[in-house]
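Just below is one structure, and these are the notes that go with it.
The values are calculated or read from the model by the stated rules, or taken from the named source; none is laboratory data. Keep in mind that what you see is a predicted model, and the values were worked out from it rather than measured. No Cβ is skipped: glycine too gets one built from the backbone with ideal geometry, and neighbour counts run over all protein chains shown. With ligands, DNA and RNA removed, areas are computed over all heavy atoms of the protein, side chains included. Shrake-Rupley method; radii C 1.70, N 1.55, O 1.52, S 1.80 Å.
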Amino acid sequence: MDELNAAVALLNYVIIPALSYGSQLALGALGVTLVYGILRFSNFAHGDTMAFGTMATILATWWLQSVGVSLGPLPTALLGLVVGIPVTALLVLATDRVVYRFYRRVKAAPVILVIVSMGVMFVTNGLVRFIIGVEDQVFADGARFIISAREFRDATGLQEGLAIKATSVLTVVVAILVMALLFWFLNHTRTGKSMRAFSDNEDLALLSGINPERVVIITWIMVASLATIAGVLYGLDKSFKPFTYFQLLLPIFASAIVGGLGSPVGAIVGGFVIAFSEVTLTYAFRKAAGYLLPEWHPAGLLQLLSTDYKFAVSFVILVIVLLFRPTGLFKGKSV
């Protein structure tokens, strides 16, 4: 029984949270890798695009809640996405038209576009803070748990309770559906194949009659959709605060680079590598060790790093990958 209690503790505090967080990072990293693979620059504004999309969804969700519309056990924010995604797509398309298109026409170096995207990041961040404020915003509703710790203990007789949050399950399910839809689009539609051809060889794609402006528009719409969905799932699972999304930029970029920039599969794998690394290295193993070794009474928490250093794990992994394998696990484009 002690082994089962230890397994439940790890499932409760490591595996389920890391799966949920990894799904959110993977969706974010997919947006980053699409921009890098097709538009050929590192979009530092991606975290704040997630914040903007989440803000638009929250405002729509609050309005739906005020008129009594809900999805029962599911979060009303899923309906709010119908508004949040188009609004975010309009924002990124307007930004591309006003800012990025000029630099594409003059064939500016990627580093110039990176700096420009940092300017877009600050403007978007300020816009989000101006509209919705800087404090935590609550917009989650519906069922809180699939199963609570008490229900699990009563059902199994184990000492350790397993609590599965509805938002964790929702995050993983939605992420799988979105990823499957994305890969189907890229591999089985004419537009998706055009985007892949444009990413592989821009000059050859232009000679074969592919419209580059159409590819750019479709790419930004997909990036806005991925960013909004990732941001809303993160907000439902944890909370929404604009500065938190700015901080998410580091683990998202680490995920994309670990997997291989430009590789959609790599972005997904990288997201889970970063998530499991952050959660595992900052988890206190004392409780699990207490079940397995009841005679052992360690003085400390058996925690390698404090949770305050969670994002530092992403940074260290990012540096290691850049030093020893700059093309990432799936041999994407070099950074």
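General observations
- Residue check, Thr33 more than 22 Å from Val265 (Cβ to Cβ) and either open to solvent by less than 10 Å² (accessible area, probe 1.4 Å) or modelled with pLDDT of 95 or more (or both): no
- Residues within segment 208-223 that are touching a Leu at 6+ places or on another chain (Cβ under 7 Å) and either closer than 18 Å to Gly31 by Cα or at pLDDT 95 or above (or both), tallied: 6
- Cβ pairs under 6 Å, 6+ apart, first in segment 95-109 and under 15 Å from Ile221 (Cα atoms), second of a type in the set (Val, Ile, Thr): Thr95/Val120
- Residue that is farthest from Lys238 (Cα to Cα), among those in segment 75-88 that are within 17 Å of the chain's Cα centre (by Cα) and open to solvent by less than 10 Å² (accessible area, probe 1.4 Å): Thr88
- Among the residues of segment 57-74, those identified as touching a residue at least 24 places away in the same chain (Cβ under 8 Å) and open to solvent by 10 Å² or more (accessible area, probe 1.4 Å) are Leu59, Ala60, Trp62, Gln65, Ser70, Leu71, Gly72, Pro73, Leu74.
- Of residues in segment 1-29 being open to solvent by less than 20 Å² (accessible area, probe 1.4 Å) and β-branched (Val, Ile, Thr), the one nearest to Val172 (Cα to Cα): Val14
- Single unsatisfied condition, Asp237 versus (1) at pLDDT 90 or above; (2) under 28 Å from Phe330 (Cα atoms): (2)
- In segment 51-74, the residues that are among the hydroxyl-bearing types (Ser, Thr, Tyr) and part of a helix (DSSP H, G or I): Thr54, Thr57, Thr61, Ser66
- Residue list for segment 96-130, restricted to those being under 30 Å from Leu74 (Cα atoms) and either in contact with a helix residue (DSSP H, G or I) (Cβ under 6 Å, 6 or more places away or on another chain) or open to solvent by 80 Å² or more (accessible area, probe 1.4 Å) (or both): Thr124, Asn125, Val128, Arg129, Phe130
- From the options Arg144, Arg190, Arg153, Arg129, residue that is more than 30 Å from Ala9 (Cα to Cα) and either free of Cβ contacts under 8 Å to residues at least 24 places away in the same chain or of a type in the set (Phe, Trp, Tyr) (or both): Arg190
- Screening the candidates Phe315, Phe324 for the property of being farther than 16 Å from Val14 by Cα and under 20 Å from the mean Cα position of the chain (by Cα) yields one hit, Phe315.
- Subset of segment 76-94 [in contact (Cβ under 8 Å) with a residue 12 or more places away in the chain, in a helix (DSSP H, G or I) and of a type outside the set (A, V, I, L, M, F, W, C)]: Gly80, Gly84, Thr88
- Among the criteria (1) closer than 30 Å to Ala143 by Cβ; (2) charged (D, E, K, R); (3) touching a Gly at 6+ places or on another chain (Cβ under 6 Å), the one Lys241 does not fulfil is (3).
- Wholly enclosed helices (runs of 4 or more DSSP H) of segment 238-335 bearing at least 3 residues open to solvent by 30 Å² or more (accessible area, probe 1.4 Å) and under 28 Å from Ser199 (Cβ atoms): 264-281, 310-324
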